[in-house]
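Peer 1: Dropping the structure in here first, questions after.
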Amino acid sequence: MTNELIVPRGFEVVELTTTAPCAIHSVHTPVPRINQQHHWFPQWLQLIIWGEVRVKATTVVCPTGHVNVHDLINHRILHGEFPGTHSGSTYKLAFKGFSAFTDNGGDVATAAAHLRGGGGSE
Ligand SMILES: [Zn+2]
């Protein structure tokens with residue numbers, strides 16, 4: 001199975017770039033020219049489920065870290081648990097994002113349905 005980012009029509013994913021340092025890694029090879037503002041939980045998914053962005057927190061991460069954090073969040077939503085050792089800065093940031101979603105009333109089954117592209121009950 002793949003974890004492709006499925007962006008529905010009418011929604012645009014804007015990657016906010018910055019030269020601020022990555023919060024996950026202290027060393028990068030190669031060094032990215034730019035880093036990204038990681039939204040703790042995908043804005044497009046929040047907009048579909050809630051019609052608004054409730055989880056507004058962001059953290060600056062490198063592009064590689066960004067992809068990995070979202071892959072962990074997607075894995076948690078789709079498979080019911082985080083993969084791997086559950087340690088390290090990447091996991092901690094993914095856990096914060098997932099927790100922020102559920103703490104704001106987010107329904108994991110609905111999020112999973114949207115990630116699979118099948119729509120949700122809300
Ligand atoms: Zn990094």
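Peer 1: Where residues in region 99-116 are under 14 Å from the mean Cα position of the chain (by Cα) and of a type in the set (A, V, I, L, M), which of them is surrounded by the most Cβ atoms within 10 Å (Cβ to Cβ)?
Peer 2: Only one residue tops the list, namely A111.
Peer 1: Given the condition of a type outside the set (G, A, S) and on the phi > 0 side of the Ramachandran plot, answer yes or no: does some residue in region 48-55 qualify?
Peer 2: Among the residues of region 48-55, not one is of a type outside the set (G, A, S) and on the phi > 0 side of the Ramachandran plot, which makes the answer no.
Peer 1: Moving on to the next point. State whether one or more residues within region 67-75 are away from the ligand (no atom under 16 Å from the Cβ), in contact (Cβ under 8 Å) with a residue 24 or more places away in the chain and aliphatic (A, V, I, L, M).
Peer 2: The first filter runs over region 67-75 and keeps only residues away from the ligand (no atom under 16 Å from the Cβ), leaving 73-75.
If we keep only those that are in contact (Cβ under 8 Å) with a residue 24 or more places away in the chain too, we end up with 73-75.
From what's left, aliphatic (A, V, I, L, M): 73.
Among the residues of region 67-75, at least one is away from the ligand (no atom under 16 Å from the Cβ), in contact (Cβ under 8 Å) with a residue 24 or more places away in the chain and aliphatic (A, V, I, L, M), which makes the answer yes.
Peer 1: Checking K96 against (1) buried (at least 16 other Cβ atoms within 10 Å of the Cβ); (2) over 16 Å from L47 (Cβ atoms); (3) of a type outside the set (A, V, I, L, M, F, W, C); (4) at pLDDT below 95, which test does it fail?
Peer 2: (4)
Peer 1: How many residues does region 59-97 hold that are touching a strand residue (DSSP E or B) at 6+ places or on another chain (Cβ under 7 Å) and over 23 Å from D107 (Cβ atoms)?
Peer 2: Total satisfying the criteria: 6.
Peer 1: With the structure loaded, tell me whether V14 is farther than 21 Å from G106 by Cβ and either at pLDDT 95 or above or within 11 Å of the ligand (Cβ to nearest atom) (or both) or whether it fails that test.
Peer 2: Working: farther than 21 Å from G106 by Cβ: yes; either at pLDDT 95 or above or within 11 Å of the ligand (Cβ to nearest atom) (or both): no.
Criteria not met by V14.
Peer 1: Now, a different point. F41 is checked against (1) within 13 Å of the ligand (Cβ to nearest atom); (2) modelled with pLDDT of 95 or more and fails just one. What number does that condition carry?
Peer 2: (1)
Peer 1: I've got another one for you. In the set T59, T29, T64, which member is within 16 Å of the ligand (Cβ to nearest atom) and either hydrophobic (A, V, I, L, M, F, W, C) or under 19 Å from S99 (Cβ atoms) (or both)? Break it down into steps so the answer makes sense when it comes.
Peer 2: Working: T29 fails: either hydrophobic (A, V, I, L, M, F, W, C) or under 19 Å from S99 (Cβ atoms) (or both); T64 fails: either hydrophobic (A, V, I, L, M, F, W, C) or under 19 Å from S99 (Cβ atoms) (or both).
Exactly one of T59, T29, T64 is within 16 Å of the ligand (Cβ to nearest atom) and either hydrophobic (A, V, I, L, M, F, W, C) or under 19 Å from S99 (Cβ atoms) (or both), namely T59.
The values are calculated or read from the model by the stated rules, or taken from the named source; none is laboratory data. Computed from a predicted structure; not experimentally measured. Please note: Cβ atoms are built from the backbone with ideal geometry, for glycine as well, and neighbour counts cover all protein chains shown.
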